[in-house]
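The values are calculated or read from the model by the stated rules, or taken from the named source; none is laboratory data. Note that the coordinates shown come from a computational prediction; the quantities given were computed from them, not determined experimentally. Cβ placement follows ideal geometry from the backbone for every residue including glycine, while neighbour counts extend to all protein chains displayed.
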Amino acid sequence: MNSETNVLIICAHAADFVWRSGGTIAQYTKANANVSLVVLSFGSRGESNDLWKIDGQTLERVKKIRRAEAEKAAAILGVKDVEFWDLHDYPMPFEDETINRLVRKMREVKPHIIITHSKNDAFNPDHENVSKAVTQAGSMANAAGVRMEGLPNTKQAMIFGYEPHQSEVSLFMPDVLIDITETYELKVQAMECFKAQKDLISYYKIKAEMRGNHARRWSGNSSYKQAEAFTRYFPYVGSEFK
């Protein structure tokens, strides 16, 4: 990773990028990679339960709070290019207009790496819908026949899927573990921005420690303390095993 590496993160709801890839994102921003983030919705309907317990709460107020939390978290992780698309959540349908918008964003960023939701999430159809939309948009972005003035088609990006919240029930099998030991405290600070889901903070601290244990075990590198897990959308291709 370096200043010539382009990374695009696409997440369904305001906090998804932090819970599942905050440490990894910070690793890339620390290396001066070009990191862009698209937050498709604020998760105001389905992932803001604590905020709805406040008397007189409104949808617009929830969105404002969630946006402020996500902006603060992104800044902590070093992400400067952030877009909030304010899509409907629970459910999150994808019309042609939104798919085309994703294609345009991919062609603008020209990502070498896309980080998004994995293909299976037993308890969150929004996440599965995002995975399908990213797959479709990625194929269109690569296709020379899909014309967009001033935006030529892209090359195939490496796509990685987040670990879902309920890993085992979602049949999640990690293909990649990213060491986040150096950026773990930044991830914790970013997680603490989300008051609407504060119960998840301890959960994802435990998850990072567990994956850190796996990283040590599977690599033999005792310096790994915390890690995040991902699946590969496509197989690794190279001239040697890595």
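Before we move on, is MET191 surrounded by fewer than 16 Cβ atoms within 10 Å (Cβ to Cβ) and among the hydrophobic types (A, V, I, L, M, F, W, C)? No; evaluated as a whole, the condition is false for this residue.
Filtering the range 11-46 to residues that are at pLDDT below 95 and over 14 Å from CYS193 (Cβ atoms) leaves SER44, ARG45, GLY46.
If the condition is being in contact (Cβ under 8 Å) with a residue 40 or more places away in the chain, among the aromatic types (Phe, Trp, Tyr) and in a helix (DSSP H, G or I), then the range 179-204 contributes TYR184, TYR204.
For the range 68-91, state whether one or more residues are assigned to a loop (DSSP other than H, G, I, E, B), surrounded by 20 or more Cβ atoms within 10 Å (Cβ to Cβ), touching a strand residue (DSSP E or B) at 6+ places or on another chain (Cβ under 8 Å) and not hydroxyl-bearing (Ser, Thr, Tyr). Yes: one or more hits.
The number of residues in the range 154-178 that are under 28 Å from LYS110 (Cα atoms), touching a helix residue (DSSP H, G or I) at 6+ places or on another chain (Cβ under 9 Å) and in a loop (DSSP other than H, G, I, E, B) comes to 7. The set of residues in the range 94-130 that are in a loop (DSSP other than H, G, I, E, B) and either free of Cβ contacts under 8 Å to residues at least 60 places away in the same chain or more than 22 Å from GLY22 (Cα to Cα) (or both) comprises PHE94, GLU95, ASN120, ASP121, ALA122, PHE123. The single condition among (1) within 16 Å of SER36 (Cα to Cα); (2) in contact with a strand residue (DSSP E or B) (Cβ under 9 Å, 6 or more places away or on another chain); (3) buried (at least 20 other Cβ atoms within 10 Å of the Cβ) that GLU108 does not meet is (3).
Yes or no: the range 46-53 includes at least one residue that is in contact with a strand residue (DSSP E or B) (Cβ under 7 Å, 6 or more places away or on another chain), within 20 Å of GLU128 (Cβ to Cβ) and outside any helix (DSSP H, G or I). No, the range 46-53 has no match at all. Restricting attention to the range 205-218, which residues are in contact (Cβ under 8 Å) with a residue 24 or more places away in the chain and either surrounded by fewer than 17 Cβ atoms within 10 Å (Cβ to Cβ) or out of contact with any strand residue (DSSP E or B) (no Cβ under 9 Å at 6 or more places or on another chain) (or both)? Correct list: HIS214, TRP218. Here the condition is being without any contact (Cβ under 8 Å) to a residue 40 or more places away in the chain, more than 17 Å from SER21 (Cα to Cα), within 15 Å of the chain's Cα centre (by Cα) and crowded, with 20+ Cβ neighbours inside 10 Å; of ALA137, ALA133, it holds for ALA133 alone.
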